[in-house]
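Below: one structure, written as structure tokens.
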Protein chains: 2
Amino acid sequence: MAPSSPSFVARLQGRWRSGDTLLCVGLDPDTTRFPAHLRDRDDAIYAFCRAIVDATAEYACAFKPQIAYFAAARAEDQLESLIAHCRQHHPQVPVILDAKRGDIGSTAEQYAREAFERYGADAVTLSPFMGFDSIEPYLAYEGRGAFLLCRTSNAGGNDLQMLDAGGEKIYERIARLAGSTWNRSGELGLVVGATYPAELARVRELAPALPLLVPGIGAQGGDVQASVQAGQDTAGGGMAINSSRAILYADSSEAFAQRAGEVARRTRDEINRYRARPRTA
Amino acid sequence: MAPSSPSFVARLQGRWRSGDTLLCVGLDPDTTRFPAHLRDRDDAIYAFCRAIVDATAEYACAFKPQIAYFAAARAEDQLESLIAHCRQHHPQVPVILDAKRGDIGSTAEQYAREAFERYGADAVTLSPFMGFDSIEPYLAYEGRGAFLLCRTSNAGGNDLQMLDAGGEKIYERIARLAGSTWNRSGELGLVVGATYPAELARVRELAPALPLLVPGIGAQGGDVQASVQAGQDTAGGGMAINSSRAILYADSSEAFAQRAGEVARRTRDEINRYRARPRTA
């Protein structure tokens, strides 16, 4: 990495301001839900996602490809092409690779190579379950970010994350560590589900300055108003609120991308309605 | 899946008995450590791992490819070929794909497809951080196994896994759940590092019948005698004790595979020395 690589967090903050948007567009390409005219193409996943990316970039603060959908379909090459396309045509919109990796240091180095060198992602999602030494190798990449799972949007998130350990819940501990000693690079963020606004507010309290990646609105049923009010920082930013399926599969005709763009614009506008501070746009 | 797919756990138990071995051979192909004569081959990773597999199968109860090494090198096709080779030539030795996946249900379904359908692995490693609904989709694959991270071998494993929550540590809770309500398919196992024999003994107590995948001997410094004595079940089995680097990189000459076989045989023998019950071989 060049020593002067600009900070991921600063780039994301810049996009919140200049793009007047907190919407993260999630790319979970399920080929069974693709428009019929695309399904038989060899590069269907790339073609679908590229069209979505081009139609929604204007309204997006970040793109978040979910690597499982590419891996299950043997389409790593299409993920490479997609991220390259994003970087070339929408360089102002960072790409967060949703991979939720978590492994010992020597293996984490390989996963970091995969995310940052092979795919060229700007940031990656990680699981903190194995502790700080499983996070550290990613911090060595200057200008790249890492979002740690903290309070996930699924029901099973209760099973471990809500346990009380010495007066604080597991997710609170992760938020506190990510907001302090673990954040050596200044490039950490947290994943907190929109389905749990009370915990979102608590995480914002424990880590006032950290960017939050917030899945769970749209198909998962999280409440936009409650999430924005709970998670925004003092500047009315601080969140990348993800929507995947509600945008991707808004329409299954040949006009799917145009319709996805419209849903993205409306979602961006709905999010902005609840931001506390005047926007600059 | 055919309704009569034989149980993964039963196959692993069968291999412990018939092969008289608890050694799991870990496949972490780091091309920078390959013998010089292999390094420039386009299929170097496959060629290296296939030679290791063929030389060690006799002494192995399982193979454990670590997917990060393949993904970082853009070598998913070589991983496919490698597992296909294992299934064809060493069908008695199950393949555990070390991927440590963990995500919401809809995404977990994609990762399960990747592990079991694309790669044809017999079992996969998973992170329990997101709770039971992130594990459940893997259990739908009859005859396939899943090892949940419980007490990992790295120092950072202390950061969350050793926290006390309501009188039991997080790793104890995971062991208890995996040994009871979560084990709906009967195909769960646990990952417990050889570097922590006291916790290995505690996990064996909480989950007497579960297969344990035990990394951390060899390069990571775990103690074989202490691990076997702490983790074996009442039949002197119950563990797949992993060694990766000490076997893979025992020698960097053209005789690397032969030497790997010798180290595997010696490691198998060392493990067997501490098993409590007479072996059948």
Top-ranked residue in the stretch A:225-281 [being within 25 Å of A:Ala44 (Cβ to Cβ) and among the aromatic types (Phe, Trp, Tyr); ranked as nearest to the chain's Cα centre (by Cα)]: A:Tyr249
Residue ranges of helices (runs of 4 or more DSSP H) in the stretch A:93-196 with at least 2 members within 7 Å of another protein chain (Cβ to nearest Cβ): A:105-112, A:158-161
Going residue by residue through the stretch B:202-225, is there one that turns out to be basic (Lys, Arg) and more than 26 Å from B:Arg33 (Cα to Cα)? yes
Evaluate the following for A:Glu187: is it more than 20 Å from the chain's Cα centre (by Cα) and either closer than 17 Å to A:Ala240 by Cβ or of a type in the set (Asp, Glu) (or both)? no
Being farther than 21 Å from B:Gln161 by Cα, β-branched (Val, Ile, Thr) and either in contact with a Gly (Cβ under 9 Å, 6 or more places away or on another chain) or free of Cβ contacts under 8 Å to residues at least 40 places away in the same chain (or both) narrows it down to one residue among B:Val203, B:Val263, B:Val214; which is it? B:Val263
Determine whether the stretch A:255-262 contains at least one residue that is on the phi < 0 side of the Ramachandran plot, surrounded by fewer than 19 Cβ atoms within 10 Å (Cβ to Cβ), at pLDDT below 95 and among the hydrophobic types (A, V, I, L, M, F, W, C). no
Restricting the search to the stretch B:1-37, which residues are among the aliphatic types (A, V, I, L, M) and surrounded by 18 or more Cβ atoms within 10 Å (Cβ to Cβ)? B:Val9, B:Leu12, B:Leu22, B:Leu23, B:Val25, B:Leu27
For the stretch B:204-218, how many residues are over 16 Å from B:Val9 (Cβ atoms), assigned to a helix (DSSP H, G or I) and in contact with a strand residue (DSSP E or B) (Cβ under 8 Å, 6 or more places away or on another chain)? 1
Criterion: in contact (Cβ under 8 Å) with a residue 12 or more places away in the chain and in contact with a His (Cβ under 9 Å, 6 or more places away or on another chain) - qualifying residue of B:Ser244, B:Ser253: B:Ser253
Given the options A:Ala51, A:Ala44, A:Ala57, A:Ala62, name the one that is more than 24 Å from B:Lys100 (Cβ to Cβ), touching a Pro at 6+ places or on another chain (Cβ under 7 Å) and of a type in the set (Gly, Ala, Ser). A:Ala62
Out of (1) assigned to a helix (DSSP H, G or I); (2) farther than 30 Å from B:Glu205 by Cβ; (3) within 7 Å of chain A (Cβ to nearest Cβ), the one B:Cys86 does not meet is (3)
Examine the stretch B:48-61 for a residue that is within 12 Å of chain A (Cβ to nearest Cβ) and modelled with pLDDT of 95 or more, and state whether such a residue exists. no
How about the stretch A:130-143: which of its residues are more than 19 Å from the chain's Cα centre (by Cα) and in contact (Cβ under 8 Å) with a residue 24 or more places away in the chain? A:Met130, A:Phe132, A:Asp133, A:Ser134, A:Glu136, A:Pro137, A:Ala140
Taking the stretch A:144-175 only, how many residues are within 19 Å of A:Arg204 (Cα to Cα), in contact (Cβ under 8 Å) with a residue 24 or more places away in the chain and of a type in the set (S, T, N, Q)? 2
What is the one condition in (1) buried (at least 19 other Cβ atoms within 10 Å of the Cβ); (2) out of contact with any His (no Cβ under 8 Å at 6 or more places or on another chain); (3) under 21 Å from B:Gly261 (Cβ atoms) that B:Val53 does not satisfy? (2)
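The values are calculated or read from the model by the stated rules, or taken from the named source; none is laboratory data. Bear in mind the structure is a predicted one, so any value in this text is a computation, not a measurement. When we count neighbours, we look across all protein chains shown, and the Cβ atoms used for this are built from the backbone with ideal geometry, even at glycine.
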